[in-house]
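Encoded as structure tokens, the structure appears first; notes follow it.
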Protein chains: 2
Amino acid sequence: MHTRVAALLGVEYPICAFSHCRDVVAAVTNAGGFGVLGAVAHSPDRLDAELGWIARETRGRPFGVDLLLPPTYVGAERGGLDADAVAALLPAEHREFVDEILRRYRIPAVPTAAPAGALNVAPKGYEPLLEVAFAHDIRLIASALGPPPPDLVTRAHERDVVVAALAGTVEHARRHAGAGVDLVVAQGGEAGGHTGEVATMVLVPEVVGAVAPVPVLAAGGIATGRQMAAALALGAEGVWCGSVWLTTEEAETPPVVKEKFLAAESTDTVRSRSLTGKPARMLRTAWTDEWDRPDRPAPLGMPLQNALVAEAQRAIIEAAERSGTRADALATYFVGQVVGALDRVRPARAVVLEMVSEFIDAVHRLDGMLEDPR
Amino acid sequence: MHTRVAALLGVEYPICAFSHCRDVVAAVTNAGGFGVLGAVAHSPDRLDAELGWIARETRGRPFGVDLLLPPTYVGAERGGLDADAVAALLPAEHREFVDEILRRYRIPAVPTAAPAGALNVAPKGYEPLLEVAFAHDIRLIASALGPPPPDLVTRAHERDVVVAALAGTVEHARRHAGAGVDLVVAQGGEAGGHTGEVATMVLVPEVVGAVAPVPVLAAGGIATGRQMAAALALGAEGVWCGSVWLTTEEAETPPVVKEKFLAAESTDTVRSRSLTGKPARMLRTAWTDEWDRPDRPAPLGMPLQNALVAEAQRAIIEAAERSGTRADALATYFVGQVVGALDRVRPARAVVLEMVSEFIDAVHRLDGMLEDPR
């Protein structure tokens, strides 16, 4: 396929796969797409090991890294918070609410080796990750929240690394373009994870117009070749997909969550602040309902909410593998509305190749609408 | 253009224009598209006059009529409510809240010839409209809410009239197909007016799969040929547009609202129950904010909310044409997220022809992505 993004990334198909799972990243890159490792919760050592593994598996084919670089978060004025400072900021009322949920759903505490820390959202958190990332032969670095800092753009360009940033509004896209990104990912509100409210169908063409000549990837609601064709018809030059990989063979999605995704309808997601403190689309479950009730405490800001609930989330997933608890009702994870279309487990490579095949069919179908049938 | 919907409706371009304005309906039909008159608030006499006018203007070219046929509404168990019964069900707290808004924004009362009545949502309300519609040479009758009643489908098919119904979820689409409709309009949550939450990008392909072989029109977020190409790539065989006509030369949109639409961004809409009692997307203004505040009464059900606010809405629009009030802050109307792309006034005919031209360009651009550039 021929688009500026395919040429820029050096891939056969401009299909970017965002995943926290190295196996998915490598499989998509090896299938002719472009794998992007979501590295926000990684330690530097683990990121180093994973990128080394991906590089060996993909033998010179291109891949990227995605970090959270939010413009606003709790503690930004101090350059970020350490784990103790985060712990000190978690209100007793919130801790008690989380404990009460676990008790009510009969979730035993998990004996954890290390307490859950803060997300790597501040420079002191993500700088070590950046150093590791730039020590590997990455082709792209992406900012999942907020425009990349100027020094990041400079360092990336010195190494011939492409800089991308996700945008949920035209205003954000303009800000990213102003910060010097090479690619804008226009992500519609139907997407999983941190997302805005403007739908892909509306957002993509307006971002394409606002940031030209910067090329645009479309995200949100894209899991098939028909949807890829729609995204490219809107003016995007590639797609950025997340949800579709969560039900692949390679994905490390917990079994209880994978089964829920395979059974879910498109109406079963909700935008909720209950996992990270910023609005993110996820499967609607008893967990999101508990946090939506007006008589319960409001979620904390980023990164406090994640610190508040990370251990509880781990306990819920572990408990769901055993009987005798109601963990199954609580278990959730980030996913987009396109979850309704995910009804079988496939290898990630098959997802890429089916998308390309369906894309070609969709283009030929459109051609047929223009031809004179006589 | 060649799709089953174009053939079924007998049009050159499968572009359906939903509008309450007869001039838009006639202009779109005369441009090779398909105009559909939204007739929910019409009296039988007025509907008769408008359909007669459209038939004369379009000289045998096809057009349609759209009604609200909600499956649930206040008073359904009694077969609907008359104006006195509706008035008796409006709580004093709600009446006082509306009056208080008008006082606070300095809106004078409008001397009205007739009090605002109930929406024609019950058989006794819409049956006279159906009789008028079937007395004219309409090509399509659409149900904007809920599946069409069996006798409506029978009567339409006896007269060779196509039956369509709007769906915001796959479940609704299946119900409509089961009721015997000839066309399903899959309307994404980004659409203006009564709408669900699943985005067009996700909803259209799942509805296409669920109701096959019934053909599908896509609605929500479609105002340009790029968006039309995206919709048809998703599997739709035509598009159903509403918002894009509101800023055309022919539209009777009040000037204050038209100006707001031309200035609005895609982030400026909200789903609100404040106009009809059912969630509908509209421009976010002081009116929707007033109804969103937690300390204010919740909107009533359909058709009570419309009866409660119809006169106030008329007073706001009239006051906005004069100085000395804050009516401008309150003025709102149904519109989709695509309002962000509406930035100039064009004839409806030009909208149709530009959509077709952009559609052709988009298809050729997709073709180019598949060609070998050597």
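Quick notes
- Checking residue B:352 against (1) within 30 Å of residue B:225 (Cα to Cα); (2) free of Cβ contacts under 8 Å to residues at least 40 places away in the same chain, the condition it does not meet: (2)
- Pairs are defined by a Cβ separation below 6 Å, a sequence spacing of at least 6 or placement on different chains, a first member in the range A:314-341 that is in contact (Cβ under 8 Å) with a residue 40 or more places away in the chain and closer than 29 Å to residue B:200 by Cα, and a second member that is assigned to a loop (DSSP other than H, G, I, E, B) and open to solvent by 30 Å² or more (accessible area, probe 1.4 Å); the pairs so defined are A:340/A:265.
- Residues of the range B:147-166 satisfying the condition of being modelled with pLDDT under 95 and open to solvent by 10 Å² or more (accessible area, probe 1.4 Å): B:147, B:149, B:150, B:151
- Cβ pairs under 9 Å, 6+ apart, first in the range B:247-273 and within 14 Å of chain A (Cβ to nearest Cβ) and farther than 26 Å from residue B:29 by Cα, second part of a helix (DSSP H, G or I) and among the basic types (Lys, Arg): B:268/B:260
- All of B:368, B:324, B:277, B:340 fail the test of being outside any helix (DSSP H, G or I) and either within 14 Å of chain A (Cβ to nearest Cβ) or open to solvent by less than 40 Å² (accessible area, probe 1.4 Å) (or both), apart from B:277.
- Any chance residue A:221 is of a type outside the set (A, V, I, L, M) and under 16 Å from the mean Cα position of the chain (by Cα): yes
- Test for residue B:289: is it open to solvent by 50 Å² or more (accessible area, probe 1.4 Å) and either within 14 Å of chain A (Cβ to nearest Cβ) or at pLDDT below 95 (or both): no
- Once the range B:298-321 is narrowed to residues that are of a type in the set (A, V, I, L, M, F, W, C) and in a loop (DSSP other than H, G, I, E, B), the residue that is modelled with the lowest pLDDT is B:302.
- Members of the range B:114-146 that are modelled with pLDDT of 90 or more and open to solvent by less than 30 Å² (accessible area, probe 1.4 Å): B:129, B:130, B:132, B:133, B:134, B:138, B:140, B:141, B:142, B:143
- Selection from the range B:196-217 of residues that are facing chain A (nearest Cβ under 9 Å) and of a type in the set (A, V, I, L, M, F, W, C): B:198, B:199, B:201, B:202, B:203, B:204, B:208
- Within the range B:224-255, the residues that satisfy the criterion of being among the polar types (S, T, N, Q) and open to solvent by less than 10 Å² (accessible area, probe 1.4 Å) are B:227, B:247, B:248.
- Filtered residues of the range A:218-230 (kept if facing chain B (nearest Cβ under 7 Å) and part of a helix (DSSP H, G or I)): A:226, A:227, A:229, A:230
- Candidate set from the range A:173-195 (those that are within 12 Å of another protein chain (Cβ to nearest Cβ) and under 15 Å from the mean Cα position of the chain (by Cα)); member that is farthest from residue B:264 (Cα to Cα): A:192
- In this structure, residue A:213 does satisfy being open to solvent by 30 Å² or more (accessible area, probe 1.4 Å) and outside any helix (DSSP H, G or I).
The values are calculated or read from the model by the stated rules, or taken from the named source; none is laboratory data. None of these values were measured; they are calculated from a predicted model. Methodologically, a virtual Cβ is constructed for each residue, glycine included, from the backbone with ideal geometry; neighbour enumeration extends over all protein chains shown. Side chains are part of the model used for accessible areas, which takes the heavy atoms of the whole protein and leaves out ligands, DNA and RNA. Shrake-Rupley method; radii C 1.70, N 1.55, O 1.52, S 1.80 Å.
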